[in-house]
Amino acid sequence: MALAVCLLPVLVVRYVPLIDLPGHLGRLHILQHYAENPAFQQRYQLVHRPLPNMLIDLFSPLEAWLRMEDVGRLFVIVSIVLFALGCAAMSRTLYGLITPFAVLAVFSQYNSMFFFGYVQFQAGVGLFLITLALWMRWRGHFNAFRLAALAILSVATYLAHLGGYAFLGLSAAFLVVLDFSRKRRWDRSAVAGIVAMLGPVFLFAFAHGPYGNVATPEWAPVTLKAQHLLIHVMGFNGVVDASFAAVLLVAAVIVLSKGQIRFHPELGPLAAFFGVLFLVFPYFIGDGPDADTRVFVATFVLALLCCRIRLPQPAGRILFSIVFAALVLRIGYIGSVWIQQDRLIASNVEFFDQIPIGARVYGIVTLGPTKLTVGLNQAKLERPLIHALGWATIRRNILTPSVFTVEGQHPVFERTGQWAFSGGAVPDASGWNQILRNYDFIWYYGTDQDVLRQLHLYGKLVGTNGKGSLYRIGDAQSSANGG
């Protein structure tokens with residue numbers, strides 16, 4: 001039932017309103033139509049290498065039978081199912097049954113990382129849990145089939161997300177060392193299982209190719225670390241978030257005062273290890289943010305899976321029912337917000353249809369604060385528009401940096417490298433000059449008067465749609481006809 005509840009919001013909307021999702025789906029459209037579109041061939045280059053984080057790209061051929069929004073929905077469903085299967089597999093490995101905490105763990109995927117659209121990471125976490133659970137279950141009883149299964153699953157985890165494979169390697173190594181510290185001898189069978197899962201290490205080292213820009217690691221301040229601890233509570237409405245947190249807090253107090261908590265002797269220390277790793281891990285590493293938050297996602301689900309609680313009956317069942325009901329209500333509220341976001345996205349996607357086919361479009365999005373608010377936070381409601389131009393790539397074949405095409409990360413990247421990735425940020429003076437040289441249109445969503453003055457200075461207003469406005473710069477029509 002927990003899985004069905006988690007799938008429901010995905011099924012009631014046309015455009016799943018995850019922030020990064022259209023940026024990925026636009027890339028899938030480019031991959032699917034690359035051979036027939038000269039503009040795509042001129043702008044982008046394909047990379048035929050087994051990159052991590054490319055699992056969603058394998059879904060691109062489905063556009064021949066499905067609308068791209070349905071392809072995206074299917075991948076989100078797959079990621080949710082993999083996460084749920086991972087929770088179930090780990091619980092059965094540890095205890096021989098699906099514990100109440102394993103059921104609650106399924107809901108943990110509705111967190112801030114998920115809302116940002118890190119669905120490939122979520123799929124990677126699910127595959128990490130499945131693979132680790134099988135490795136733990138099969139230790140001492142490996143055969144050729146099981147070793148081959150681990151090898152295949154480890155590659156699938158790597159293709160889903162590099163973070164998921166890193167979690168798998170760290171977990172297996174930690175558990176082997178933990179076992180050695182207790183028995184003073186190496187578990188050769190467990191080590192053999194680890195060897196079977198080393199294939200992605202060689203793929204990353206020798207078949208990955210260029211790694212793109214790698215920035216200096218940055219650590220989050222204490223306040224941001226504390227905020228990351230709340231990712232499983234924070235949503236779209238401060239009152240709803242506070243009410244949900246209060247229910248969890250009361251439940252925790254009751255458990256600590258009336259119940260007995262037991263931690264699995266292996267998974268408990270592993271969850272503690274991940275917790276320490278979260279505290280010391282940088283916020284920004286490689287070329288992406290939220291690295292420590294990703295570690296906390298794994299920490300949280302491992303902490304839930306390693307626990308078992310004894311409470312007097314029927315108090316235990318009543319408490320579980322209350323927490324389960326709170327989780328269901330939270331998902332229901334999220335679904336209601338998604339319906340509003342779906343309408344907002346659909347309105348802007350329709351507005352994009354006036355953009356000439358093949359035009360070059362730069363997107364700028366300015367939103368209000370996303371801090372805790374009483375009632376629905378408007379900025380969070382509108383955040384899925386940050387990469388909404390990806391839908392125009394799908395429908396109008398436009399060229400835009402709002403689509404994720406980064407060398408070293410994705411199987412398609414820009415040949416010239418002249419377009420810096422745009423997360424909807426307002427450009428500086430040099431950025432405006434670059435936009436005027438390289439783009440035909442600017443789509444702006446927001447009400448910032450300084451941005452609007454710049455747009456009126458540099459372009460001609462084509463049309464508006466709510467807070468969205470489209471400006472023409474240069475000879476867009478001739479460029480579109482040529483592309």
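The values are calculated or read from the model by the stated rules, or taken from the named source; none is laboratory data. Note that the coordinates shown come from a computational prediction; the quantities given were computed from them, not determined experimentally. Backbone-built Cβ (ideal geometry, glycine too); neighbour counts: all protein chains shown.
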Criterion (in contact with a strand residue (DSSP E or B) (Cβ under 9 Å, 6 or more places away or on another chain) and not aromatic (Phe, Trp, Tyr)) met by exactly one of ARG330, ARG343, ARG317, ARG308: ARG308
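Okay, residues lined up against (1) assigned to a helix (DSSP H, G or I); (2) of a type in the set (Lys, Arg); (3) in contact with a Lys or Arg (Cβ under 9 Å, 6 or more places away or on another chain):
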residue	(1), (2), (3)
ILE130	yes, no, no
PHE142	no, no, no
TYR165	yes, no, no
LEU170	yes, no, no
ARG182	yes, yes, no
ALA190	yes, no, yes
ILE194	yes, no, no
PRO200	yes, no, no
The lone exception for ILE231 - which of (1) loosely packed, with under 14 Cβ neighbours inside 10 Å; (2) assigned by TED's automatic domain parsing to the domain that holds LEU162 it fails: (1)
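Residues checked against (1) under 19 Å from the mean Cα position of the chain (by Cα); (2) closer than 30 Å to GLN42 by Cα; (3) not assigned by TED's automatic domain parsing to the domain that holds LEU21:
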residue	(1), (2), (3)
ILE355	no, yes, yes
GLY363	no, yes, yes
THR373	no, no, yes
GLN378	no, no, yes
GLU382	yes, no, yes
LEU385	yes, yes, yes
ALA392	no, yes, yes
ASN397	no, yes, yes
PHE404	yes, yes, yes
Every pair of residues 6+ apart whose Cβ atoms lie under 6 Å, when the first sits in the range 174-189 and is under 15 Å from ARG139 (Cα atoms) while the second is charged (D, E, K, R) and not in a helix (DSSP H, G or I): LEU175/GLU266; ASP179/ASP187; SER189/ARG139
Of all residues in the range 1-38 being surrounded by 23 or more Cβ atoms within 10 Å (Cβ to Cβ) and among the β-branched types (Val, Ile, Thr), the one that is nearest to HIS387 (Cα to Cα): VAL16
Spans of strands (runs of 3 or more DSSP E) in the range 250-342 with at least 2 residues surrounded by 16 or more Cβ atoms within 10 Å (Cβ to Cβ) and under 20 Å from the mean Cα position of the chain (by Cα): 284-286
Of residues in the range 237-265 being in contact with a strand residue (DSSP E or B) (Cβ under 7 Å, 6 or more places away or on another chain) and modelled with pLDDT of 90 or more, the one farthest from CYS306 (Cα to Cα): ASN237
Subset of the range 109-123 [at pLDDT below 95 and hydroxyl-bearing (Ser, Thr, Tyr)]: SER112, TYR118
Residues located in the range 357-393, provided they are closer than 21 Å to GLY474 by Cβ and touching a strand residue (DSSP E or B) at 6+ places or on another chain (Cβ under 8 Å): GLY358, ALA359, ARG360, VAL361, TYR362, GLY363, ILE364, LEU389, ALA392, THR393
